[in-house]
């Protein structure tokens with residue numbers, strides 16, 4: 001019987017112990033569930049904040065991209081105000097033992113933020129200045145181009161009328177001087193060409209080259225395979241796309257001068273035929289040179305050569321003798337021109353150069369705007385990093401403040417408990433005078 005009682009007592013004791021263990025585990029399990037629920041809520045809150053931050057970031061970035069320079073000032077002001085509010089809030093909440101730590105943290109964050117902001121905005125302001133200069137340059141160029149084109153077209157019409165009227169007098173005045181002097185005739189043609197280039201604002205070395213000897217990749221002068229002479233065109237006109245065209249002005253006007261001075265029909269007929277032969281000979285000579293076959297690598301020569309006749313009447317005389325002379329020359333890749341027909345050709349080249357310059361300015365503007373957007377994006381990213389660092393500082397303050405407040409983990413509470421047990425406390429250092437007691441929640445910094 002006593003054994004049965006002993007066994008019963010042991011069983012009861014074991015049951016009681018098991019129940020106690022079960023109760024303890026249940027309590028711990030409930031505590032863990034509460035903690036997990038709390039953490040789940042915290043994670044959900046963090047996710048919501050993260051989503052809100054991402055949406056805010058996307059919205060701010062979109063607004064900055066649309067607003068340009070104005071957005072920079074708004075972001076700068078918002079940055080300064082937000083930073084000031086955070087710092088003031090932190091200062092207002094900082095007490096006693098945390099003041100020095102948070103002050104140093106604040107100075108470091110402010111310094112780093114200022115350095116980052118200065119680095120980004122310095123480059124951004126430079127890009128904006130460059131973009132403004134490019135805009136102003138483009139605006140000025142367009143205005144000047146429009147006015148210049150209008151003025152040049154009107155001037156071209158006036159010059160065309162004046163030049164047409166002056167052709168006869170030019171021929172009369174130069175007839176004696178040019179008779180039999182081919183070198184002087186060539187210089188006269190080059191002088192007229194140079195005047196046309198100067199009127200169009202051409203720059204030697206940029207828009208054209210004069211009497212340049214063509215050379216191979218080793219610098220040796222190029223020689224024509226048929227004549228053995230050096231390839232030295234009068235002018236090479238450069239197009240903005242890299243193409244070149246040769247202009248030659250070596251046309252003899254001796255026969256035309258004889259035609260003007262002829263006293264009878266037979267002499268005029270003979271002079272007219274010699275003038276036509278002179279023009280055809282120059283066409284044959286230019287077609288045989290084939291300049292495009294002797295260009296140095298990297299150059300692109302147009303398939304035709306421009307043959308400039310500095311006297312419109314001489315061309316008209318040749319045309320009256322052979323109406324197909326222009327077409328025959330063109331079939332051999334030689335384009336016959338006079339002062340009147342060359343002017344529109346040069347004007348088209350001028351317009352092409354101006355349009356190319358405007359395109360380059362627009363590319364600079366686009367490049368500057370792209371760099372500005374990238375800088376602003378970097379600024380937003382740095383601003384987000386600064387916000388996270390401020391959040392870390394707030395969390396550190398909250399943990400420190402929690403240890404000082406009147407709560408279950410409070411040092412002050414523990415000190416009060418000890419004081420209530422009889423530990424002597426100085427009258428001038430009572431716990432009620434500690435400034436951080438009941439100083440508020442760390443969330444007040446948010």
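Quick notes
- Candidates 349, 336, filtered to the one that is within 42 Å of the chain's Cα centre (by Cα), assigned by TED's automatic domain parsing to the domain that holds residue 244 and within 26 Å of residue 242 (Cβ to Cβ): 349
- Failed criterion for residue 314 (all others in (1) at pLDDT 90 or above; (2) assigned to a helix (DSSP H, G or I) hold): (1)
- Conditions (1) assigned to a helix (DSSP H, G or I); (2) farther than 30 Å from residue 243 by Cα; (3) at pLDDT 85 or above; number of the one not met by residue 354: (2)
- The numbered conditions (1) in a helix (DSSP H, G or I); (2) more than 26 Å from residue 231 (Cβ to Cβ); (3) modelled with pLDDT of 90 or more are all true for residue 328 except (2).
- Count of residues meeting criterion [surrounded by 14 or more Cβ atoms within 10 Å (Cβ to Cβ) and either within 27 Å of residue 58 (Cα to Cα) or free of Cβ contacts under 8 Å to residues at least 24 places away in the same chain (or both)] in the stretch 343-359: 0
- Taken as a whole, the structure leaves residue 382 outside the set of residues that are modelled with pLDDT of 65 or more and exposed (fewer than 13 other Cβ atoms within 10 Å of the Cβ).
- Those residues of the stretch 206-228 which are farther than 22 Å from residue 285 by Cα and at pLDDT 85 or above, in sequence order: 206, 207, 208
- Residue check for residue 252: crowded, with 20+ Cβ neighbours inside 10 Å and part of a helix (DSSP H, G or I): no
- Any hit, the stretch 260-271, residues being touching a residue at least 24 places away in the same chain (Cβ under 8 Å), exposed (fewer than 15 other Cβ atoms within 10 Å of the Cβ) and part of a loop (DSSP other than H, G, I, E, B): no
The values are calculated or read from the model by the stated rules, or taken from the named source; none is laboratory data. These numbers come from a predicted model, not from an experiment. For neighbour counting, all protein chains shown are included, and Cβ atoms are generated from backbone atoms with ideal geometry for every residue, glycine included.
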